[in-house]
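Have a look at the structure below, then the notes.
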Amino acid sequence: MSTAHAGGEPVDARVLVVMGVSGSGKSTVAAMVAEQLGWAFAEGDAMHPAANVDKMHAGTPLTDEDRWPWLDVVAGWIRGHLQAGTNGVVTCSALKRSYRDVLRASGVVFVHVAGDRALLEERMSARSGHFMPTSLLQSQLATLEPPQPDEAHVTVAADRTPAEEAAEVLALLGLPRD
């Protein structure tokens with residue numbers, strides 16, 4: 001079931017942060033949403049420093065200390081779009097509320113793509129060329145703190161096609177297609 005929350009306030013999204021654990025399909029959904037809206041798109045994984053990518057590739061979970069500099073880069077991308085008055089969509093696991101606090105600003109809405117462990121494992125096993133091994137899924141699931149009602153967010157289930165999930169995001173947020 002999908003949910004939408006904005007702390008009781010109307011949602012005026014200018015930047016969407018598509019979040020979730022690895023394998024949830026956040027990159028695919030985010031790219032589709034950005035394309036349909038005609039908004040800028042950025043892949044948060046591409047903003048990781050090489051040391052983080054190497055660590056994950058080796059099967060070692062990132063620590064908070066590893067994540068803070070990366071989150072600052074993603075937050076800089078978000079702030080840049082907000083300050084310029086341009087719309088954008090960026091992917092970022094944003095697993096903890098404290099991570100989302102770094103990214104949060106007026107005009108930012110989190111889109112949580114949520115799936116069950118079996119589906120996530122299946123998706124991760126089927127993809128090639130990604131630095132995140134399936135062995136790290138459990139650490140991500142253990143770290144995940146789903147967005148709470150006081151956070152501007154929508155949640156969509158990762159159990160359909162990415163096109164259906166992207167369409168649901170647009171409908172939940174009342175965003176017109178380009």
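FYI, it's all coordinate maths here, none of it is from the lab. Remember, predicted model here, so these are calculated numbers, not experimental data. Cβ sites come from the backbone with ideal geometry, for glycine too, and all protein chains shown count toward neighbours.
What to note about this one:
- Here the 3J(HN,Hα) profile of the range 84-98, calculated from phi with Karplus coefficients 6.51, -1.76 and 1.60 at θ = phi - 60°, is 7, x, 9, 8, x, 10, 9, 8, 6, 4, 6, 5, 10, 4, 4 Hz, Gly and Pro shown as x.
- Cα→Cβ-extended label distance, 7 Å offset, between K96 and L141, nm: 2.0 nm
- Total formal charge among the other residues, if their Cβ is under 9 angstrom from that of N52, Lys/Arg +1 and Asp/Glu -1: 0
- Net +/- balance of residues flanking A31 in space, Cβ distance below 13 Å, scoring K and R +1, D and E -1: -3
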